[in-house]
Amino acid sequence: MAYSDKVLEHYDNPRNVGSLDQADANVGTGLVGAPECGDVLKLQIRVDPKSGKIEDARFKTFGCGSAIASSSLATEWLKGKSIDEALAIKNTAIVEELALPPVKVHCSVLAEDAIKAAIKNYQEKQPSNA
Amino acid sequence: MGVNLPIYLDNNATTRCDPRVVEAMLPYFSDKYGNSASRNHVFGWEAEEAIDNARDQIANLIGAGGKEIIFTSGATESNNLAIKGAAAMYRKKGDHIITQITEHKAVIDPCKRLEREGFRVTYLPVDKFGRVSAADIAAAMTDKTILVSIMAANNEIGTIQPLADIGKLCKEKGVLFHTDATQVVGKVPVDVMAMGIDLLSMTAHKIYGPKGVGALYVRKKDPRVRLEPQIDGGGHERGMRSGTLAVQNIVGLGAACEIARKEMGEEAKRTFALREKLHRGIADRLSDVHLNGHPTERLPGNLNLSFAFVEGEGLMMGIKEICVSSGSACTSASLEPSYVLKALGVGDDLAHSSLRFGVGRFTTPDEIEYTANAVVRAVTKLREMSPLYEMAQAGVDLSTVQWAAH
């Protein structure tokens, strides 16, 4: 099975690899997947407290090329979005953008799960939700 | 460094046909195109002579007699014929078969079918190196055991089984011994007499011959092994396997065996040295690299490594110009990681992180050096990107983490 050019491009030049300070109140961290399933995705967002928009997003991924590309794309899309806009990102959009074959759809699901987990973690940290 | 890309390091999957083999085959496509079963004219005689010559070339490589070689389409068919054919023929004697869980599917699946037909099959576990012992087999035997099928060496991890011990046990107990020797023939010496082997499967394309042809050695004496044919027809191959013989392919298999017999000793030394160079070139420069399979009792050209914190398919993508295979689920349709690695007790996480390198006749030292460098580079890059590596570096015990499995 050949990879799409977009998957290869993200794999070769992944965007936003790295970690944010988990202790920062404005940072939300999502960790999804499991090593025995062959993919683990850590996705972090930092929200600007003034504008409420995601000012930075980072990922680290253990997984196949499609999982890495899905994570990379997700971080790219998250930057500049509000929480509500970020919650609206669907895995199907990732599938479409990266031309993932059916056997790789779970990689996009994982990315969507990671976005939701990071946002949930961020929201739990906010005083209004405490 | 002079390397041509891509680099082929998947010689446990298949091999390039040796130009000398192709040369030997060519006349049998267009000039000597007779049917070896045509007994009454020169084209038939010519083909039959070529077939008989190939039988001897194959037999000489494994210490057999030419008349004990049955031609098939490949090792899958050989395994099916050996297992189902023996089961059907000896059913009155018993209904129990012993094999092991790390066999190729071409052995496992015929056994499963036999189970559905009422046979009992014992799938022995293996040790952490992938080996069974004659003692394990002895313990599993009953007075109803008719067949033991244990592969000579594993296709994924290269572990070689103690064939002579198993053969000796089977002889003592009067049980037939079949071995799938697909990976071993032509790589490591095999002697059906010395090792007490009654049935042996092999294929041409793993030994620099063409795809689509294989052979089954069927012992003729002490004991004379009989098999129920699985393909009926013109009664070719002593009635055990009907169908016009693929003369050109059989000539190719014969030529491949002849070359292997003459060059195996030197070639094994060379592929072993290259494998060790690759292993050291990777493991000396990276932490957390695990060798899967036996450290010494393994095929000379086989190297199977797990790279902790890095997923196998992702890693293959980082070394696109190098052709290897992975035990990762992502490379298979089933989404399950390698059952062979799991059988060794390798955790699912490390099974997902494995790569198999198959060094072969045409592999060069430059290719090995290039590969070692590329692997080290890709693993380093992917670990920088791996949340597992980050956690491990921070002192987190990954086995204690509650993963949100999906």
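Size descriptors for the protein assembly as shown, from the alpha-carbon set: Rg then Dmax equal 27.2, 97 Å. Applying 1/(1 + (r/R0)^6) with r as the Cβ-Cβ distance of B:Glu297 and A:Asp84 and R0 = 51 angstrom yields a FRET efficiency of 0.25. Taking each residue as 0.36 nm, the span from B:Phe362 to B:Asp109 lengthens on full extension beyond its C-alpha to C-alpha distance by 87.8 nm. When both the range B:128-143 and the range B:201-236 are represented by their alpha-carbon centers, they are found 26 Å apart.
Show me the ranking of peptides A:11-22, B:365-376 by mean Cβ neighbours inside 10 Å, starting with the highest. Can you show the working numbers first?
Numbers: A:11-22: 15.6, B:365-376: 19.1.
Sorting A:11-22, B:365-376 by mean packing, highest first, produces B:365-376, A:11-22.
For the set B:Lys84/B:Lys128; B:Lys32/B:Lys112; B:Lys32/B:Lys84; B:Lys105/B:Lys320; B:Lys67/B:Lys173; A:Lys116/B:Lys105, the pairs lying more than 32 angstrom apart at their alpha carbons are B:Lys32/B:Lys112; B:Lys32/B:Lys84; A:Lys116/B:Lys105. In chain B, helices alone account for a calculated mean residue ellipticity at 222 nm of -12000 deg cm²/dmol, with every DSSP H run of four or more residues adding -39,500 (n - 2.57). Straight-line reach from A:Lys120: taking Cα to Cα under 30 Å and skipping same-chain neighbours fewer than 8 places apart, the lysines in range are A:Lys6, A:Lys42, A:Lys50, A:Lys53, A:Lys60, A:Lys79, A:Lys81, A:Lys90, A:Lys104, B:Lys381. In this rough spin-label picture, where each label sits 7 Å from Cα along the Cβ direction, the A:Lys120-B:Asn4 distance is 5.4 nm. Scoring B:275-284, A:28-37, B:262-271 by mean Cβ neighbours within 10 Å over their residues and listing the highest first yields A:28-37, B:275-284, B:262-271.
Between the Cα long axis of helix B:247-283 and the first principal axis of chain B there is an angle of about 20°, rounded to the nearest 10. In the elastic network of chain B, a GNM with C-alpha springs shorter than 10 Å, the most mobile of B:Tyr339, B:Tyr28, B:Tyr389 is B:Tyr389. Our estimate of slack between B:Arg16 and B:Lys128, defined as 0.36 nm per intervening residue step minus the Cα-Cα distance, is 37.1 nm. Distance between the 7 Å Cα→Cβ label points at B:Asn373 and B:Tyr33: 4.9 nm. Span-like helix criteria (full DSSP H runs; alpha carbon extent of at least 15 Å along the helix axis; mean Kyte-Doolittle hydropathy of at least -0.5) are satisfied in chain A by A:65-78, A:105-125. For chain B, the relative contact order is 21 percent, taking Cα pairs closer than 8 Å that sit 6 or more residues apart in sequence and dividing their mean separation by the residue count.
Other protein chain C-beta atoms within 10 Å of residue C-beta, averaged over B:380-389: 6.
Taking the C-alpha atoms only, the angle from helix B:75-89 to the longest principal axis of chain B is near 60 degrees.
Placing +1 on each Lys and Arg Cβ and -1 on each Asp and Glu Cβ, with no other charges, gives chain B a dipole about its Cα centre of roughly 940 debye.
A straight line joining the Cα centroids of the range B:67-109 and the range A:82-130 runs 50 Å.
Contact order for the range B:19-260, expressed relative to its length and based on alpha carbon pairs under 8 Å spaced 6+ residues apart, stands at 28 percent. Once C-alpha pairs closer than 8 Å and six or more residues apart are averaged by separation and normalised to the residue number of the range B:112-169, the relative contact order reads 34 percent. Shape call for chain B from the C-alpha gyration tensor, a ≥ b ≥ c root eigenvalues: rounded (a/c under 1.5), prolate (a/b greater than b/c) or oblate? The shape class here is oblate.
Seen against the Cα atoms of chain B and their longest principal axis, helix B:42-62 is set at about 50 degrees.
In summary, the lysines within cross-link reach of B:Lys269, defined as a Cα separation below 25 angstrom excluding same-chain residues under 8 places away, comprise B:Lys187, B:Lys206, B:Lys277. Summary of the geometry: the range B:161-186 and the range B:302-376, compared by the centres of their Cα atoms, lie 29 Å apart. Within chain B, antiparallel bridges make up roughly 55 percent of the DSSP beta bridges whose residues both belong there.
If R0 is 30 Å, the Cβ-Cβ spacing of B:Asp52 and B:Ile231 corresponds to a FRET efficiency of close to 0.90. Other protein chain C-beta atoms within 10 Å of residue C-beta, averaged over B:315-322: 3.
Each value in this text was obtained by applying a stated rule to the coordinates, not by laboratory testing. Being a predicted model, the structure only gives us computed values, none of them experimental. Using ideal geometry, Cβ is built from the backbone for each residue, glycine included, and neighbour counts are taken over all protein chains shown.
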